[in-house]
1. Distance from a point 7 Å along Cα→Cβ of residue A:197 to each backbone N in the range B:207-226: keep the residues under 20 Å and list them by number.
2. Given DSSP loops and a limit of at most 14 other Cβ atoms within 10 Å, what is the longest stretch of chain A that contains no such trypsin sites (Lys or Arg not before Pro)?
3. Please sort by residue number the GluC sites (Glu not before Pro) in the range B:596-662 whose DSSP state is loop and whose Cβ has at most 16 other Cβ atoms within 10 Å.
4. Per-residue Cβ counts within 10 Å, from other chains only, averaged over B:183-190: what number is that?
5. Which one of A:186, A:84, A:46 is farthest out on the positive end of the charge dipole of chain A, using unit charges on Cβ (Lys, Arg +1; Asp, Glu -1) and the Cα centre as origin?
6. Before anything else, pin down the relative contact order of the range A:116-228: Cα pairs under 8 Å, at least 6 apart, normalised by residue count, whole percent.
7. Which order do peptides B:581-587, B:278-284 fall in by mean Cβ count within 10 Å, highest first?
8. Please give the net charge around residue B:548, taking every other residue with its beta carbon less than 15 angstrom from that of residue B:548, where Lys and Arg add +1 and Asp and Glu add -1.
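The values are calculated or read from the model by the stated rules, or taken from the named source; none is laboratory data. Only a predicted model underlies this, so the values are computations on that prediction, with no experimental measurement involved. Positions of Cβ are backbone-derived with ideal geometry, glycine not excepted, and every protein chain shown enters the neighbour counts. To get the accessible areas, we keep the full protein, side chains included, count just its heavy atoms, and leave off ligands, DNA and RNA. Shrake-Rupley method; radii C 1.70, N 1.55, O 1.52, S 1.80 Å.
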Amino acid sequence: MNLTLKVWRQKDSKSPGRIETYAAKNIPESASFLEMLDIVNEDIMHAGGEPIMFESDCREGICGTCSMVINGYAHGGQRGTTVCQLHMRHFKDGDELTIEPWRAAAFPVVRDLVVNRSGLDRIIQSGGYVSVRTGSAVDGNALPVPKKNSDLAMDAAQCIGCGACVAACKNGSAMLFLSAKVGHLGLLPQGQPERHRRVLNMVRQHDQEGFGNCTNQYECEAVCPKEISSTFITRLNRDYAVASARELLGAV
Amino acid sequence: MSTPDFRNVSPLAAPPTRDAATANGALDGKTPQGPLAGAWDRYRAEVQLINPANKRKYQVIVVGSGLAGGAAAATLSELGYQVSCFCYQDSPRRAHSIAAQGGINAAKNYQNDGDSIFRLFYDTIKGGDFRSREANVYRLAQVSRDIIDQCVAQGVPFAREYGGQLANRSFGGAQVSRTFYARGQTGQQLLLGAYSALSKQIATGGVKMFSHCEMQDLIVIDGHAKGIVTRDLFTGEIQTHMAHAVVLATGGYGNVFYLSTNARGCNVTATWRAHRRGAFFANPCYTQIHPTCIPVGGDYQSKLTLMSESLRNDGRVWAPAKKGDKRAPQDIPESERDYYLERKYPSYGNLAPRDISSRAAKEACDDGRGVGDHGLGVYLDFADSIKRLGEPLIRERYGNLFDMYEKITGENAYQRPMRIFPAVHYTMGGLWVDYNLMSNLPGLHVIGEANFSDHGANRLGASALMQGLADGYFVLPYTIGVYLASEGGKKLPKADHPEAAAVREASTGRLQKMLAINGKRTPGEFHRELGLLMWDKCGMARNRDGLQHALQRIPQLREEFWQNLRVPGEAGNLNHALDHANRVSDYLEFAETMCFDALHREESCGGHFREEYQTEDGEAMRDDDNYAYVAAWEHKGADAQPYLHKEPLEFKEVHLAVRSYK
Ligand SMILES: Cc1cc2nc3c(=O)[nH]c(=O)nc-3n(C[C@H](O)[C@H](O)[C@H](O)COP(=O)(O)OP(=O)(O)OC[C@H]3O[C@@H](n4cnc5c(N)ncnc54)[C@H](O)[C@@H]3O)c2cc1C
Ligand code: FES
């Protein structure tokens, strides 16, 4: 099939960007979206141009590297799908596609479709862990966890940290990302000792990074490739309220 | 400015060899004396410790943030060392370990099914076709139990039974259930555990993290590894980092085949450049072809996708019994199906080890019984399990894998069998290390998939995650102290040391040279051509003629690369084409050493199948009299053949035996 691509090109974070048009020719239906871009990039290079920079690594929906907005949808709008898992059979010959980077105050553009997501790492550094020194753990089965909690924790822990939730949110909030980590650890006995401090620190870091507030629109949930539920945000709000109250009482 | 070397090596008759005894004593595995059981405990009791106040004075570089590197960086920092950690992705959480699906082994014996440290040790040695070092493997089996405890404590949400206890599944090559898992995302959850520990140490300042930063070269001063040169992939900036010791945890080299289940960025650059600076490369020809991957669709394809081996617990593998049978699978009656694994290996059946299962699939396809458009596929059929267990249970066990399959192929595997074909998946070879996980270059340590140490000629499923975490959490943090203690009062050379400056200049020069060629072919085109050649001549089956052909072709391709490469743009900012070209340039050198190794090893063992050495019914024929050694290659510079060192393998606890899964 043949398609027309309108792609955001931006040389670096300081230069202004613009949309440029490219023809994607003879694209096999069974190719993935990123393979389609590979083909276009080979054509661009042969014609003497610089390829469109976009990030990807695992190309199977687990590393969270790939990130782009297609026709207004983060990851292209297929349910539970990263853009690297999106296949061309979902498009039609003659389609026109607009491809842009994640847009958010906290994600400066590095080049073309590549943005800097290090703010998400710093949120985790502020508290997204259980403090346990290597070698100091008790036997794994000494700590039984009800299957239900463990399964729910896993639902949250699946987050791949891609940042689509931020890109889809009109406020540029990373609440779904944050709530997934807080939910995962908060549901497990291992996460209890640091539970309150964790949520306070992570929310503060989130705000400091320039991510916006959550106003309960839940666009994030709709684009999340791992279909992480917004109920984790509700859970986070509860945790945050409790932790804040305890902090006032000096009990965190 | 240094120019890259073109090693125009003619196909070799017999490589020059020296064995360990005569090789300046260089290849001493330093395995502890005495019985294996207890050897690691004795080692730890006797090893020289560095006092906590002094640890702070040591800088350690860890290249890689996967299971091995992430675990090591976090643990070394907890111990008090000053750590710098590097990864090429934009976050340490994205290291390729994230993609592991199936699980991690540990000799916990929670199922009370007769597992033990010895049994895991034995399975691993046998699975590796008796080509690994006993002492390392024993230690691996021993610390496997600590790994599970550590990960549970970090909050890794392993699968659980209703009673709240940890669940297990069985995996290829084992007759006990010792595999721990977190749905189909075990690697992700283990990596996020290590990443969280690493993040904590980054926050304390104990680890300086350098993301999107690729190692270009190793700095060796007075024979010791003392630093690295890196390139920031976002800004193009070249940097020099000095340290008392360097740890490489940079993963495997499967992408030498272009198509593999590895992530796009996986590379041999770090280990290969260290090799060029003196580190020996061991057993590069041992590569693992995974039996259950989605078949190749077309020549635009950028990677292959693994379908976890755990599927073989409930799926039955078959091919049509008749050649060229093009009927739809549901139209082929039971009597005209060949469940070839169950037929050939009745005691392991569909759970036969990977090398054996892969070869059996190839055999069926070579015989004209392959399925799919290109005839390069066999069926993995769940119909019986669905009948027996019901679709909901199958969905619970493998739902995400079935979804993944449908996304890629557009086919529903609940209704028709999956089509699968073997694909390059893992590399057992890697930089040579001793029991301390230190290479022959003092100060250079290598952990995880990047070293050669524990899997011999074939790795068992769910054992790479185990090895990465064993090395990173529980082995290296002790063994690195041996080197650092001996370095004691020595001063750390500065970044402007002439050696360091020369390495830095060489790195810059190499990139500039690639940009200046301005030829016609893109890095991707060279990579694909090399990959096809390697798959054809040094893939699932190898023979002398094919390898000699490859050894002629690779130098030509390399020469063409340096004359006809096209890389647009500059080195001073984000430039993916340049990153790719840089990696391909190393594959073009490494591939040759891989073929030398495959050619010289005139036997079949594990993932290395030489067509000339097989039994009448097509099983691998090992030659223990002549090849029970580790082949460690030394780089001899431009236009020279690599030099073969041998580390003889001694088996004290297990008897060398023909590996049978019948
Ligand atoms: C699809 C798939 C499924 C798998 N499933 C399983 C499984 O179920 N069970 C199992 O046991 N094993 C499995 N494996 C194998 C296992 O995942 C890997 O062998 C293991 O995770 C490797 O870990 P590592 O830490 O050694 O390297 P990696 O996780 O590959 O990490 C390498 C690190 O090095 C960095 N790096 C690489 N090159 C450079 C450079 N030049 N400069 C700077 N940094 C660099 C990377 O950024 C990364 O941080 C699977 C592998 C694949 C491909
Ligand atoms: S490239 Fe890894 S999730 Fe898309």
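1. B:207
2. Details: sites that count: A:14, A:25, A:79, A:92, A:133, A:170.
In chain A, the maximal stretch lacking such sites is A:171-252.
3. Values: sites: B:602, B:603, B:611, B:612, B:616, B:619, B:634, B:650, B:653; in loops: B:602, B:603, B:611, B:612, B:616, B:619, B:650, B:653.
Of the GluC sites (Glu not before Pro), the ones in loops of the range B:596-662 whose Cβ has at most 16 other Cβ atoms within 10 Å are B:602, B:611, B:612, B:616, B:650, B:653.
4. Details: counts 5, 1, 6, 0, 1, 8, 5, 0.
Partner-chain Cβ atoms within 10 Å, mean over residues of B:183-190: 3.
5. The listed residue farthest towards the positive side: A:186.
6. On the way: 123 pairs, mean separation 43.8, N = 113.
Dividing the mean separation by the residue count of the range A:116-228 yields 39 percent.
7. On the way: B:581-587: 23.9, B:278-284: 26.9.
So the peptides B:581-587, B:278-284, ranked by packing, come out B:278-284, B:581-587.
8. On the way: positive: B:537, B:542, B:544, B:553, B:601, B:610; negative: B:536, B:545, B:592, B:597, B:602, B:611, B:612.
Here the charged neighbours net out to -1.
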